Amino acid sequence: MASVRVRFAPSPTGFVHIGSLRTALYNYLFARRNNGVFVLRIEDTDRTRYVEGATENLIRVLNWAGLVPDEGPEQEGPYGPYFQSQRTEIYHRYAQELIESGRAYYAFDTPEELESMRSGKLPQSASSTRYNFLIRDSMCNSLSLSHRDVERMLADGMPYVVRLKMPADRIFNVEDIIRGHVEFDSKEIDDQVLIKSDGYPTYHLANVVDDHLMQISHVIRGEEWLSSVPKHLYLYECFSWQAPKMAHLPLIFNPDGTKMSKRDITSLADLPEGKVDPDVESYIRAGFERDAILNAIALLGWNPGDGHEQEVFSVTELIESFGLERVNKSAAIFDLQKLRWLNKEHLGRMDEGDLLERLKPGLAIKGWDRFSDDYYTRVIGLLKSRLSFVNDFFEYGAYFFQDPSEYEEKGLKKRWKAQSANLMLEFCQEIDKLKSFNAGAIEEALRQVAERHDVGGGQIIHPVRLAVSGFSVGPGLFDLLEVLGKERVIKRLKKAVEVIPALLQQ
RNA sequence: GCCCCCAUCGUCUAGGGGUUAGGACACAGGAUUUUCGAUCCUGCAACAGGGGUUCGAAUCCCCUUGGGGGUGCCA
């Protein structure tokens, strides 16, 4: 089997689109699954849209996602440079070859003339509104002009582009891995510009030349490229090169079915109804886990199928089960709810030590960094299944690091009864006597007090939770108390008995 | 306009001639007499429409409708 080499070939526009990340992910997964090579190539041939820092940003996001290329701007590779803007001589060489063999030609038409042609205003252009076989002879190019005129115009430095001379009577057959057989009639295809007047190539020329030179075996990219495949196929043919296999991925949409587009918002909550943010970094900033994001987008258009109903995947598991054959044809809507759920699942499954590492910066900021790793681990054990986001830890678990400063009002009203204070005090006395302050012993003590007063356990459990944590919800009480430790529990219970009745008076 | 792609619960999807059309998110209800945002259980909910082909179509074919992409000296 020929070796697998795939590429992710984004143009640096300033931010990484969620759809681009998925394309990168699928390329990466495919490469890893097939012991192949994952190449990153920067398609920066549009100088008019150059965005400062966009490439650095792109690479940073890819690295964050763990989709680290085997070859690319940051990795040595035998097929560089990996910036198309640094490969212009190469493209010119191949464009020249096409011109010499009569498959491409110089064109001198001005933007204004092209616009007139497209709008059908040019007198001689009634036959077509696109630059193709019907009209090329009446335009200003090396096909319609005399050889001498062309030489002179070139010598005079007249701006020109190089266009591909698309044959009029061909059917191009595409065998797409995802879509199957697709046919295109060359009559529908115009004479694509290959080299722009600024000397840079268009995507079409550059991607064919580079994919060939870089020995790309499979082109995995978005569906928006499907209709330009015949142009690419024709170029491969002109050069007598073998075209790589192709797989065109379905698009990803907003919840309302519209295209995802960048807008200026400061948080995901500010998104207009039915919209979602296309910028990957927004999700990173919002606190989503890398694995959850990757898991979510992997599932947009792909599934393990056939009896496999797994939803939560690590990247390793994705690599093991990924295959292009199971990629869907139809576009998918990006679902924030599912992302949230996946984030929670990933957090819940995370190793406690790993979670602690994620938490450490936040703990430091909060000033809660003077506890032992063992203590943190126990707290994480109690809390991790309840976290939707890492940062929920600091809210849900605050009382493990500092005394509660207030008590949840609704909980107080519901749970704190007239006899609560007395029960608390008696419970204090009981646990004070305990030699081993563990969940089992604590529960036994509490049940005893409840029995003595002929009340249900809940009559003590709920007020204690409130007193000790300030919250009406949380982990199982006895585990919680054990982790907190006798001293702090008693201190907080006593304080609550003093403070709460007054609060309830108000 | 023209070309191309797509079409199963609200969403992501399984299923590719015979299924009570399965799962997941979301939503709703219940359980857990230790709460809940945790956990478990249950429920709600779909084959876009019309023609064929066939003993039998969600599945195959055609048309319509709807959605999307392309039609650039953008990628």
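In whole percent, what relative contact order does chain A give with Cα contacts below 8 Å and a gap of six or more residues?
Numbers: 720 pairs, mean separation 58.9, N = 506.
The normalised contact order for chain A reaches 12 percent.
Show me the chymotrypsin sites (Phe, Trp or Tyr not before Pro) within the range A:354-444 that DSSP assigns to loop and that have at most 15 other Cβ atoms within 10 Å of their Cβ. Intermediate values should be presented prior to the final figure.
On the way: sites: A:368, A:371, A:375, A:376, A:389, A:393, A:394, A:396, A:399, A:400, A:401, A:407, A:416, A:427, A:437; in loops: A:368, A:371, A:389, A:401, A:407, A:416, A:437.
Here the sparse-neighbourhood loop sites are A:371.
Where does chain A land at 222 nm, in deg cm²/dmol rounded to the nearest 500, when only DSSP H runs of n ≥ 4 count, each adding -39500 (n - 2.57), divided by all residues? Mind dumping the intermediate values first?
Values: 20 runs with 220 residues, N = 506.
The per-residue figure over chain A is -13000 deg cm²/dmol.
Which whole-number percent is the relative contact order of the range A:33-151 (Cα, under 8 Å, 6+ apart)? The partial results should precede the final answer.
Working: 90 pairs, mean separation 22.3, N = 119.
Here the relative contact order equals 19 percent.
Taking the full set of protein chains and a 1.4 angstrom probe, give the accessible area of residue A:223 in square angstrom, rounded to the nearest 10.
The accessible area comes out at roughly 60 Å².
How many Å² of accessible area per residue for chain A, probe 1.4 Å? Let's see the in-between values first.
Values: 24400 Å² over 506 residues.
Heavy-atom SASA per residue in chain A reads 48 Å².
Please compute P(r) over all alpha-carbon pairs of the range A:255-309, binned at 5 Å starting from zero, and give each bin as a whole-number percent.
4, 16, 23, 22, 18, 9, 6, 3, 0
Where in the range A:51-86 does the amide nitrogen come within less than 11 Å of the point 7 Å from the Cα of residue A:270, taken along Cα to Cβ?
Label zone hits: none.
Give the long-range amide H neighbours of residue A:333: residues separated by 5 or more places, or on another chain, with amide H under 5 Å away, using H modelled in the peptide plane at 1.01 Å from N.
So residue A:333 has HN proximity to A:253.
Roughly what % of DSSP beta bridges within chain A run antiparallel, to the nearest 5?
Details: 18 of 33 bridges.
If I count the DSSP bridges inside chain A, around 55 percent turn out antiparallel.
Nearest 10 degrees is fine. How inclined is helix A:439-452 to the longest principal axis of chain A, computing both from alpha carbons?
Compared with the principal axis, the helix lies near 50 degrees.
In terms of the ratio Rg/(2.2 N^0.38 Å) built on C-alpha atoms, what value belongs to the range A:268-348?
1.13
For a quick protection proxy, order the peptides A:44-51, A:8-15 by their average other-Cβ count within 10 Å, most packed first.
Values: A:44-51: 14.8, A:8-15: 20.0.
Ranking the peptides A:44-51, A:8-15 by packing returns A:8-15, A:44-51.
Contact order normalised by length for the range A:351-440, with contacts defined as Cα pairs under 8 Å and 6 or more residues apart; what percent is it? Don't skip to the end; give the middle numbers.
On the way: 25 pairs, mean separation 20.1, N = 90.
Dividing the mean separation by the residue count of the range A:351-440 yields 22 percent.
Give a quick list of trypsin sites (Lys or Arg not before Pro) in the range A:402-506 that DSSP marks as loop, anything other than H, G, I, E or B, with at most 16 other Cβ atoms within 10 Å. Before the final figure, lay out each step's value.
Numbers: sites: A:410, A:413, A:414, A:415, A:417, A:433, A:435, A:447, A:452, A:465, A:486, A:488, A:491, A:492, A:494, A:495; in loops: A:417, A:433, A:435.
In loop regions of the range A:402-506 (DSSP not H, G, I, E or B), the sparsely surrounded trypsin sites (Lys or Arg not before Pro) are A:417, A:433, A:435.
Could you report the accessible area of residue A:109 in Å², rounded to 10, computed with a 1.4 Å probe on the protein chains as they sit in the structure?
Around 30 Å² of this residue is reachable by solvent.
Cα atoms only: what Rg and Dmax, in Å, come out for the range A:403-506?
12.4, 39
Not counting ligands, DNA or RNA, and with a 1.4 Å probe, what is residue A:209's accessible surface area in Å² rounded to the nearest 10?
0 Å²
On a straight-distance basis, which aspartates and glutamates could pair with residue A:413 in a cross-link, Cα separation under 18 angstrom, same-chain partners fewer than 8 positions away excluded?
A:498
Of A:275/A:329; A:338/A:414; A:231/A:275; A:344/A:486; A:231/A:259, which ones are farther than 27 Å apart at the Cα? It would help to have the intermediate numbers written out before the result.
On the way: A:275/A:329 22 Å; A:338/A:414 33 Å; A:231/A:275 34 Å; A:344/A:486 31 Å; A:231/A:259 25 Å.
Listed pairs above 27 Å: A:338/A:414; A:231/A:275; A:344/A:486.
Hey, how many Å between the Cα centroid of the range A:415-441 and the Cα centroid of the range A:346-367?
32 Å
Taking every eigenvalue of the Cα gyration tensor of the range A:88-195, multiplying by 5 and rooting it, what semi-axes result, largest first, whole Å? List each step's numbers first, then the result.
Numbers: eigenvalues 135, 79, 27 Å².
So the three semi-axes of the range A:88-195 are 26, 20, 12 Å.
In the range A:57-128, which trypsin sites (Lys or Arg not before Pro) fall in coil by DSSP and have 15 or fewer other Cβ atoms within 10 Å?
Details: sites: A:60, A:87, A:93, A:103, A:118, A:121; in loops: A:87, A:103, A:121.
Within the range A:57-128, the qualifying trypsin sites (Lys or Arg not before Pro) (loop, at most 15 other Cβ atoms within 10 Å) are A:121.
Stretched out fully, how many nm does the piece from residue A:435 to residue A:114 gain, at 0.36 nm a residue minus the Cα gap?
Numbers: separation 321, 0.36 × 321 = 115.56 nm, distance 9.04 nm.
Between residue A:435 and residue A:114, full extension yields an extra 106.5 nm.
Counting only protein heavy atoms and using a 1.4 Å probe, what share of the accessible area of chain A belongs to carbon plus sulfur, as a whole percent? Can you show the working numbers first?
Numbers: 11540 of 24400 Å².
Summing carbon and sulfur atoms, their accessible area is 47 percent of the total for chain A.
Return the Rg/Rh value of the range A:308-460, two decimal places, where both radii are evaluated on C-alpha atoms and Rh is the Kirkwood radius. If you can, show how the numbers build up before the last one.
Numbers: Rg = 22.1 Å, Rh = 19.7 Å.
So for the range A:308-460, dividing Rg by the Kirkwood Rh gives 1.12.
Seen from all sides and averaged, what is the projected area of the convex hull of the Cα atoms in chain A, in nm²?
Computing the convex hull of the Cα atoms and averaging its projections yields 32.5 nm².
Sorted from largest down, what three extents in whole angstroms do the Cα atoms of the range A:351-402 have along their principal axes?
24, 20, 17
Testing the spin-label approximation: label points 7 Å from Cα along Cα→Cβ at residue A:330 and residue A:403. State their distance in nm.
About 6.0 nm, to one decimal.
The values are calculated or read from the model by the stated rules, or taken from the named source; none is laboratory data. Values in this document were obtained by computation on a predicted structure and should not be read as measured data. Virtual Cβ from ideal backbone geometry, glycine too; neighbours counted across all protein chains shown. Calculation scope for accessible area: heavy atoms of the full protein, side chains included, ligands and nucleic acids excluded. Shrake-Rupley method; radii C 1.70, N 1.55, O 1.52, S 1.80 Å.
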